[in-house]
Structure formats: structure tokens, C-alpha cells
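Following: one structure in C-alpha cells, then a few remarks.
The values are calculated or read from the model by the stated rules, or taken from the named source; none is laboratory data. None of these values were measured; they are calculated from a predicted model. Note that we place each Cβ from the backbone using ideal geometry, even for glycine, and neighbour counts take in every protein chain shown. Just the protein is used for accessible areas: all its heavy atoms, side chains included, with ligands, DNA and RNA removed. Shrake-Rupley method; radii C 1.70, N 1.55, O 1.52, S 1.80 Å.
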Amino acid sequence: METKKASRVAWKHLICCIVLLIIFVLTIGIHINAEGRTEEYLSETSDETVPLRYNSLNLLNYSLDDIVNLRINEKNEVELAGPKEEVNVNISDIDNYITIYNDEIAFFAKTFAVDYEDVVADLKERYESRKFEFEQNNVGFLLKKNGEVKTYDSVLYGLVEYFYDYVENNPRKVNKKRVPYKGDAKYVENLIIYFTTHVYTNVDTTTALSIGAAESGYYKVKYMLRCNNVFGGMSSKGLIKYRNIEYGVLSYVRLLSRNYYGKGLNTISKIGRKYCPKYDSFGNKIASPHWIKLVSSAKKKYSKYDFDIETKDLLNRE
């Protein structure tokens with residue numbers, strides 16, 4: 001009789017353990033799903049997405065030790081991954097904006113050949129005289145023809161468009177002295193990577209690198225570099241001369257974004273039909289086969305490149 005009582009007690013303990021384990025598993029599952037939503041939110045403004053390896057259902061396939069180890073590993077991976085790009089931090093005033101994007105303002109001031117302090121003063125003046133709520137993606141409060149505030153996809157896109165507006169309205173503050181580029185190809189490549197991954201993101205980075213390489217001998221043709229022109233842009237006076245290499249490369253990427261990708265020309269053949277055209281034996285306008293061959297060959301090289309370039313990497317260039 002004592003044996004049966006002990007058996008019933010043992011079963012009660014077992015049932016309690018199972019209930020507690022289920023509660024533990026479901027609690028962890030809810031916590032993980034909450035983190036999953038955060039990761040999905042971050043991925044909307046980032047090129048990197050932290051993979052969600054498990055959920056509250058397949059946790060039942062793991063032991064308790066496995067669950068704990070998986071949680072620790074994922075936490076470590078998230079910490080190692082570092083901050084996400086373009087995370088919305090809800091900037092509400094110009095002072096915070098200038099503090100957070102100080103490197104970007106300094107870099108673009110150099111690119112547009114204007115004084116950093118003058119730019120900061122102008123940003124604050126625009127902020128003080130604004131008639132609209134602060135919009136971090138349109139820091140210059142640029143307006144459409146109908147008076148509506150323009151919208152931009154990212155902070156850096158809006159910042160670049162502000163600089164174009166600033167130099168247009170303050171031409172005397174631009175240092176027009178041209179500085180011929182005498183550096184290596186790597187820095188030019190990094191500029192293209194930066195502008196295509198952070199500003200004009202509709203442009204394919206590998207294609208932009210490859211077209212520039214085909215036009216400038218992999219960024220080594222000296223007479224083009226002296227003009228800070230890596231894409232062969234021409235005017236009535238010949239090869240277009242840009243004030244510095246940063247502005248020249250930005251102009252190239254902006255051209256691709258607006259006049260090619262922005263108009264649906266997003267493949268080598270479509271771009272080449274306008275960029276480097278030729279007529280076949282039937283009189284049809286096509287992309288130059290030789291040009292396509294050069295660009296395609298370059299793409300094999302650049303498809304292996306690391307596209308992780310930040311503003312500080314360009315500012316720290318020797």
C-alpha cells in the first residue's frame with residue numbers, strides 16, 4: 001500500500017515538472033518573438049539582418065541546456081554585429097542632429113568644397129526659421145514647387161540634397177580651386193561604394209564600380225584623375241572637370257541614380273544603350289559589345305569586394 005502512495009506522489013511531481021517546463025519554454029518563446037520583431041524593424045533600415053534561428057514552437061526540440069546556449073550565442077552575435085545603419089533615433093532638434101551626424105557633415109563639406117562652420121551656421125538658421133516640424137531626412141527643409149516639404153528615403157540622401165541646395169544658393173562660399181587627384185584607385189572605389197550604399201542606394205554598387213573601371217582603366221588613367229572625372233562625362237569643352245575627386249565621384253553616382261536607375265535602366269545592356277551606344281547592321285541602337293565586355297569583366301573583380309565602408313573610413317584617409 002505504501003508503494004502505491006509513493007508512486008502517486010512521484011507522478012504528481014513529474015506532472016508539476018512538465019507544467020513548469022512548458023511555462024518556461026513559452027516564456028522564452030514570447031521573449032524571442034519580441035526580439036524577432038525588433039530585428040525585423042532594424043532590418044528595414046539596414047543591409048544586415050540578424051537571423052532568427054528558432055521560435056516558441058521548435059524550442060520543444062531542444063534540451064534546457066541547448067536553449068540556454070542558443071540564447072547566449074545569439075546575444076553575443078547581436079553585440080558583435082555592432083550598431084545598425086540608419087536606425088531611426090527620432091532626432092527632434094538640430095543640435096542633436098549635428099552631434100550625431102558630425103562626421104557626415106564634415107565629409108560632405110569637404111566634398112562640396114565649403115566651410116564646415118558656415119554649413120553648421122546655415123543649418124541652425126534654417127532650423128530657427130522653419131515653419132515645419134523637424135525632419136531628419138530633410139534637414140534643409142527643402143520644398144517642392146507647390147510648397148510641400150520634400151521627402152527623402154534616408155538621412156544621408158537628405159543631407160546630400162541639402163548641400164546641393166546650399167552651394168546653389170551660396171556660390172561665393174564654394175572654393176572653386178580644383179584639386180587634381182593623385183591618390184590610388186582604392187580610395188576612388190571606396191567613394192563609389194560609399195555613395196551607392198549610403199546615399200543613392202537604387203544604384204547597384206558592383207555595376208557602378210565596373211562602369212567606372214571600364215571608363216578610367218580601373219581608376220588609373222592620369223588625365224581623367226587630374227580632372228577628378230572617372231566616368232568619362234563630357235561637355236562641349238571636353239572632359240568635365242570637377243573641383244575634387246569626392247565631388248566628381250558623387251556626381252557620377254548621382255547621374256546613374258537619376259538618369260539611369262531612376263528611369264528603369266538597371267542592367268548593363270539597358271545602361272549601355274544610352275551610356276555607350278552603337279547601331280547594329282539593322283540600324284537598331286544597342287549597347288557597344290566591346291563596352292559590355294569591359295564592364296562584365298570588371299564585375300567579376302568587384303563582385304568579390306567588401307562593401308562595408310563608413311564615413312569615418314573616408315575621413316581617416318591619409
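Taking the numbered list (1) among the β-branched types (Val, Ile, Thr); (2) more than 19 Å from Glu246 (Cβ to Cβ); (3) open to solvent by less than 40 Å² (accessible area, probe 1.4 Å) in turn, Val174 passes all entries but (2). Scanning the stretch 137-165 for residues that are farther than 18 Å from Asp103 by Cβ and aromatic (Phe, Trp, Tyr) yields Phe141, Tyr152, Tyr164. For the stretch 194-248, filtering for residues that are over 21 Å from Gly264 (Cα atoms) and out of contact with any Pro (no Cβ under 6 Å at 6 or more places or on another chain) leaves 34. Of the residues making up the stretch 210-229, one or more are of a type in the set (Ser, Thr, Tyr), in contact (Cβ under 8 Å) with a residue 60 or more places away in the chain and open to solvent by 10 Å² or more (accessible area, probe 1.4 Å). Restrict the check to the stretch 252-267 and report whether at least one residue is open to solvent by 20 Å² or more (accessible area, probe 1.4 Å) and under 16 Å from Ser216 (Cα atoms). No; the residues of the stretch 252-267 include none that is open to solvent by 20 Å² or more (accessible area, probe 1.4 Å) and under 16 Å from Ser216 (Cα atoms).
For the stretch 127-140, indicate whether the set of residues that are under 14 Å from Tyr252 (Cα atoms) and either touching a His at 6+ places or on another chain (Cβ under 9 Å) or open to solvent by 30 Å² or more (accessible area, probe 1.4 Å) (or both) is non-empty. Within the stretch 127-140, none of the residues are under 14 Å from Tyr252 (Cα atoms) and either touching a His at 6+ places or on another chain (Cβ under 9 Å) or open to solvent by 30 Å² or more (accessible area, probe 1.4 Å) (or both).
Checking the stated criteria, Asp66 turns out not to satisfy the condition of being part of a helix (DSSP H, G or I), surrounded by fewer than 17 Cβ atoms within 10 Å (Cβ to Cβ), over 17 Å from the mean Cα position of the chain (by Cα) and at pLDDT 90 or above. Do we have Lys186 as in a loop (DSSP other than H, G, I, E, B), open to solvent by 10 Å² or more (accessible area, probe 1.4 Å) and either in contact with a strand residue (DSSP E or B) (Cβ under 9 Å, 6 or more places away or on another chain) or not β-branched (Val, Ile, Thr) (or both) here? Spelling it out, it is not the case that Lys186 is in a loop (DSSP other than H, G, I, E, B), open to solvent by 10 Å² or more (accessible area, probe 1.4 Å) and either in contact with a strand residue (DSSP E or B) (Cβ under 9 Å, 6 or more places away or on another chain) or not β-branched (Val, Ile, Thr) (or both).
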